[in-house]
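For reference, the structure discussed in these notes is given below.
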Amino acid sequence: MTEHAAPREEPDRVERKRSKRELVSALLRNSPWLSIAALLHLLVFTVFSVVYVTHQKSAERQRDLAVKFAPAPVALPVVAEPPPILDRGEIPLLTPRQTEELTPAYVPDAAVRSGEITDETDPTKEPGIYNPNPEALSSLPSGEPGGTPIGVGAVGHRGAGPSAFTTRNLGPGGKGGGGGGGPDGATTVTREATNAALLWLQRHQSPDGRWSAADFSAQCKRNTCGGAGNPAHDVGITGLALLCYLGAGETHESGAFRDTVKRGLVYLLDEQALGEDGCFGQRLGQHWVYDHACAALAMIEAYGMTQAKVFKEPAQRGLAFVLRLQNPYGAWRYAYPPDGDNDTSVTGWMVMVLKSAHLAGLTIDRSALDNALAFIDETTDAESGRTGYTAMGERPSRLPTLAGAFPPEKSEALTAVGMLVRIFGGHTLEGDPMIAKGADLLVKKLPTWEPDGSIDFYYWYYGTLAMHQVGGARWQRWNEALKSALLDHQRTNPDEDEYGSWDPVDPWASEGGRVYATALNCLSTEVYYRYPRVFGR
């Protein structure tokens, strides 16, 4: 058989194929990175195309499933509102008539929460959040039997017995004291007068916590209150203003005025810290001893009512300075160191300090009180019962420029001071006839707001304290006259900045100004609950 040979390509075509392969091979040899990049881009493009197509198909399947398996909406049943829960222990609201008779003009806030005590080092901090005390009686709220209007305590919040300041509450109480109604005690009108005075004092407190005798009107909003005093007495009238709040049961821990009280006390702490002897403020002028006495009295009562440790040392130091001011075997006057001079007026304020220190549980020297009593005996006329200024038979002191406008014979201020020293010193009506004789003298010079020199806030203040302790018919006559004099002349126009204050129109108002006048008269309206009655009459 004859074999057929495979046809052979034409020489020129073979040559062209060889030339193309050689060209590609040369390009690859000469450009390796370009070739690799092109291949990678092609590979990545292919992979992403596959992923995108797969994702699109998966999303379409999920939408199909969502449409296919979405449940039909279900109608919810209408739920009726539950009936209100009745609190069987809730106190029903008073009728309008009951509210008018029983609700005081101002009710202090509740005291610190049970189981908690106030900060022991910084009075500017709020109570109840720094030193929790889980051992306290959490089931016994403030104000329950055994407590006080400001908390449970022996002489304040802490302790087991009743407080020595338990009567201090601006609310209603029983006959004859404790804020009680009726002819012997506080009424709605007297409580409203007290509350208005506290509001005026609050509105005229300086930003640094003091009450300024001369510049209080800088706090006025509507008009300018008149009646500036001497700025040298800022420490003293700050003490008087604080005593108004403390007398109403207000403290730095509780009550609607607690921030006002707190800032005032911090100001006094700063003033005492300026020296090393315990004296509050600078010793300016002749009457600085009154300023110290008022400031020390406020600090002592603040400690006594709260037992806050931050006030204990300043209170004790202020008391110690009072004792250093006393003449050996005598009483007090203006000099420091004491020079042997005594007067009944300064002595009265210092005995008030000793009395409140005793109530607060501070350490006092009983001989200091005994020496004061001895001086009061020396200056009291046994036949009439009248107490003199520095000696028997002397009338109250007056500024030389005001002696004519305010005749001393129209006042029995020093007799009232002598009575109070005797009472706070432990004397009784039965054991000391000078108390009853003094009360008879005061009844003959009842408070009256007349432009004949009879207006004397200092006399009315001490007379009110003394006569409230005496009680009985004499007290009722004094109390009615006092209410008429004070309540009828308090500034009561709410559109004026003077609202709640008293005009400074007595013998000493030129020194203390409107703040002094308002504070002293406010304290007189608080007599019903400020100190418990010694004689219980």
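The values are calculated or read from the model by the stated rules, or taken from the named source; none is laboratory data. The shown structure was predicted, so the numbers you read here are calculated from the model rather than taken from an experiment. Positions of Cβ are generated from backbone atoms using ideal geometry, with glycine treated the same way; all protein chains shown enter the neighbour counts.
Here are a few things to note about the model shown:
- Verdict on GLY463 being closer than 15 Å to LEU523 by Cβ and part of a loop (DSSP other than H, G, I, E, B): no
- Counting only helices (runs of 4 or more DSSP H) wholly contained in the range 340-445, the ones carrying 2 or more residues that are surrounded by fewer than 22 Cβ atoms within 10 Å (Cβ to Cβ), in contact (Cβ under 8 Å) with a residue 12 or more places away in the chain and not β-branched (Val, Ile, Thr) occupy 344-360, 366-379, 433-443.
- Scanning the range 311-333 turns up no residue that is of a type in the set (Ser, Thr, Tyr) and within 30 Å of ARG191 (Cβ to Cβ).
- Single unsatisfied condition, SER206 versus (1) in a loop (DSSP other than H, G, I, E, B); (2) surrounded by 20 or more Cβ atoms within 10 Å (Cβ to Cβ); (3) modelled with pLDDT of 95 or more: (2)
- Scanning the range 505-525 turns up one or more residues that are hydroxyl-bearing (Ser, Thr, Tyr), under 26 Å from the mean Cα position of the chain (by Cα) and closer than 26 Å to ASP440 by Cα.
- Summed over the range 291-300, residues that are out of contact with any Pro (no Cβ under 7 Å at 6 or more places or on another chain) and closer than 16 Å to THR363 by Cβ total 2.
- Unmet requirement for PRO451, which otherwise passes all of (1) at pLDDT 95 or above; (2) not in a helix (DSSP H, G or I): (1)
- Residue list for the range 446-475, restricted to those being on the phi > 0 side of the Ramachandran plot and surrounded by fewer than 18 Cβ atoms within 10 Å (Cβ to Cβ): GLY472
For every residue, the table says whether it meets (1) touching a residue at least 24 places away in the same chain (Cβ under 8 Å); (2) buried (at least 17 other Cβ atoms within 10 Å of the Cβ); (3) charged (D, E, K, R); (4) in contact with a Leu (Cβ under 8 Å, 6 or more places away or on another chain).
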residue: ARG210; (1), (2), (3), (4): yes, yes, yes, no
residue: ASP215; (1), (2), (3), (4): no, no, yes, no
residue: CYS220; (1), (2), (3), (4): yes, no, no, no
residue: LEU243; (1), (2), (3), (4): yes, yes, no, yes
residue: GLY249; (1), (2), (3), (4): yes, yes, no, yes
residue: HIS252; (1), (2), (3), (4): yes, yes, no, yes
residue: VAL261; (1), (2), (3), (4): yes, yes, no, yes
residue: GLY264; (1), (2), (3), (4): yes, yes, no, yes
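- Residue among ALA391, ALA335, ALA372, ALA331 that is out of contact with any Ser or Thr (no Cβ under 9 Å at 6 or more places or on another chain) and either polar (S, T, N, Q) or at pLDDT 95 or above (or both): ALA335
- Among (1) in contact with a helix residue (DSSP H, G or I) (Cβ under 8 Å, 6 or more places away or on another chain); (2) part of a loop (DSSP other than H, G, I, E, B); (3) more than 21 Å from LEU199 (Cβ to Cβ) - the single one PRO532 does not satisfy: (1)
- HIS489 meets each of the listed conditions (1) touching an Asp or Glu at 6+ places or on another chain (Cβ under 9 Å); (2) more than 21 Å from ASN230 (Cα to Cα); (3) in a helix (DSSP H, G or I) apart from (3).
- Flag for ALA436 being in contact with a helix residue (DSSP H, G or I) (Cβ under 6 Å, 6 or more places away or on another chain) and at pLDDT 95 or above: no
- The residues in the range 301-339 that are in a helix (DSSP H, G or I) and more than 21 Å from LEU523 (Cβ to Cβ) can be counted, and the count is 12.
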